[in-house]
Amino acid sequence: MPALNSLLQQKLQDLEKTQQKRAPMAVVRKPGGYVEVAGRQLLSFSCNDYLGLTHHLEVIAAAKEALVRYGAGAGASRLISGSHPFYEELESALSEHKKTEAACVFGSGYLANLGTIPALVGAGDLIVADKLSHACLLDAAKLSGAKLIRFAHNDMKHCKDLLEKYRADYRNCLLVTETIFSMDGDMAPLAELNALAAQYDSWLLTDDAHGLYVAAETPHQSHIQVGTLSKALASYGGYVCGSAQLIDMIKSSARSLIYSTALPPATLAASLAALRVVAAQPELAQTALASARYFAKQMGLSQAQSCIVPLIVGSSEQALNLSKALEENGFYVKAIRPPTVPENTARLRFTFSAYHTQDQIDALVAALKGAL
Ligand SMILES: *Cc1c(COP(=O)(O)O)cnc(C)c1O
């Protein structure tokens with residue numbers, strides 16, 4: 001143990017030197033987008049609760065009722081005794097929304113990708129992924145044992161060149177991307193990717209973690225649609241939508257589904273309630289996107305394509321300083337640094353939610369301009 005600890009000590013010091021040492025800070029989220037951090041109340045632009053539903057009274061009431069009725073935990077994995085009937089209801093709602101035959105709900109978005117990709121491809125197969133794909137897509141690709149190659153972000157020429165060069169040497173091929181990129185807020189060219197998938201006899205997997213119920217639905221269906229219930233739907237869990245065969249196969253073989261405890265019924269009830277709220281108030285999504293666009297315009301940035309607006313500043317130190325200056329003005333905006341984003345692209349990542357008002361955004365813009 002002492003040898004292990006001294007080795008870890010050395011590694012931690014290295015992380016500290018490059019400003020990459022991290023530790024979660026205690027944060028209490030409150031209604032209306034406020035957070036309490038170290039005894040101070042700040043307005044957050046760093047939550048993925050795009051529709052502001054984590055504190056919606058109907059969502060809380062549904063979770064509370066399920067908690068009292070069905071207990072705190074699921075008791076076992078879904079294939080044993082943990083598959084509460086809420087799962088079926090949630091899967092029907094998701095597949096209906098995505099216009100697919102079926103859906104499967106997982107413990108989280110991370111687990112959905114980790115289970116799905118290795119269930120579809122393995123040694124002898126090829127994965128061609130966007131360079132900026134979320135860590136869990138890349139982890140899943142590595143876990144699958146398939147050959148992983150990456151194309152430059154949203155660069156369809158590069159993607160096509162790679163397919164041309166490598167596709168014929170492998171049995172099956174999976175194209176992987178996000179619909180809305182989590183750190184940049186931009187969209188993937190899904191029409192082009194679909195065409196490439198057809199041309200090169202490949203399947204397209206898209207991760208819609210930041211698009212579900214927030215971005216405009218595209219008419220371009222990918223074969224495998226992954227996402228999370230933890231962002232716009234305000235709760236916790238992940239999902240995959242697709243054909244009946246795809247979902248049957250995943251339910252029979254995705255290891256992160258089979259060997260992990262099912263979600264607590266109260267969590268499923270919260271997701272179901274969030275879906276009811278969105279159905280009744282579709283304008284919530286428009287509000288969040290309009291706020292992101294307003295902010296980007298005030299800051300002279302290009303038009304926001306989603307609720308995520310990055311302000312790329314370069315060094316980790318600059319990003320941290322800017323975050324600190326905003327905190328002094330009452331705003332909570334986390335700096336995002338390498339290795340989460342590429343070297344020299346440290347940034348402030350602003351996320352907008354339905355609860356933000358124009359006055360609040362004006363105050364944020366004033367503070368940000370002052371700090372810059
Ligand atoms: C947040 C996110 C995930 C992970 O989802 P969780 O439910 O939080 O595990 C997966 N993919 C992308 C693109 C994400 O942004």
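What is the spread of the Cα atoms of the stretch 183-341 along each of their three principal axes, largest first, in whole Å?
Answer, in whole Å and largest first: 52, 44, 35 Å.
Within straight cross-link reach of residue 334, meaning Cα distance under 18 Å, which lysines are found once same-chain residues fewer than 8 apart are removed?
21, 30, 231, 324, 369
Give me the tail of P(r) for the chain as a percent: Cα-Cα pairs with distance above 32 Å.
37 percent
Using r as the Cβ-Cβ distance of residue 318 and residue 93, and R0 as 35 Å, what FRET efficiency do you calculate, to the nearest 0.05?
Working from the Cβ atoms, E equals 0.20.
May I ask you to list the lysines whose Cα is less than 18 Å away from that of residue 147, ignoring any residue fewer than eight positions away on the same chain?
Straight-distance partners of residue 147: 131, 160, 165.
If each of residue 249 and residue 76 carries a label point 7 Å out from its Cα toward its Cβ, how far apart are those two points in nm?
2.8 nm
Mind checking which of 347, 69, 293 has the largest fluctuation in a GNM of the chain, springs on alpha carbons under 10 Å?
69
Run through every distinct alpha carbon pair of the stretch 257-296 and return the Kirkwood hydrodynamic radius in angstroms, one decimal place.
When all Cα pairs of the stretch 257-296 are included, the Kirkwood radius is 12.6 Å.
What aspartates and glutamates could a cross-link reach from residue 17, if we take a straight Cα to Cα line under 20 Å and drop same-chain neighbours fewer than 8 places away?
Here the aspartates and glutamates satisfying the reach criterion relative to residue 17 are 317, 343.
Kirkwood hydrodynamic radius for the stretch 245-337: how many Å is it when counted over pairs of different Cα atoms?
Hydrodynamic radius (Kirkwood, Cα pairs) of the stretch 245-337 is 17.5 Å.
If we sort 18-30, 46-58 on the protection proxy, mean other Cβ atoms within 10 Å, highest first, what's the order?
46-58, 18-30
Can you list residues from other chains, or at least 5 along the same chain, whose modelled amide H is less than 5 Å from the amide H of residue 233?
Distant-sequence amide H within range of residue 233: zero hits.
Distance between Cα centroids, the stretch 251-329 to the stretch 107-127: provide it in whole Å.
Rounded to whole Å, the Cα centres lie 24 Å apart.
Quick check on the chain: of the DSSP beta bridges with both residues there, what percent are antiparallel, nearest 5%?
Here the antiparallel bridges make up roughly 60 percent for the chain.
Indicate the gyration tensor shape class of the stretch 1-137 (rounded, prolate or oblate), computed on the Cα atoms with a ≥ b ≥ c the square roots of the eigenvalues: a/c under 1.5 is rounded; otherwise a/b larger than b/c is prolate and the rest oblate.
Oblate shape, in that a/c is at least 1.5 and b/c is the bigger or equal ratio.
How big is the Cα convex hull of the stretch 66-181 in projection, averaged over all directions, in nm²?
Mean projected area of the Cα convex hull: 9.1 nm².
What residue among 176, 59, 277 has the largest mean-square fluctuation in a Gaussian network model of the chain, using Cα springs under 10 Å?
277
Per residue, how big is the convex hull of the stretch 196-245 when only Cα atoms are used? Give it in Å³.
Residue-normalised Cα hull volume stands at 85 Å³.
Each value in this text was obtained by applying a stated rule to the coordinates, not by laboratory testing. Here the structure is a predicted model, which is why all the values come from computation and not from measurement. Every residue, glycine among them, receives a Cβ derived from its backbone with ideal geometry; neighbour counts consider all protein chains shown.
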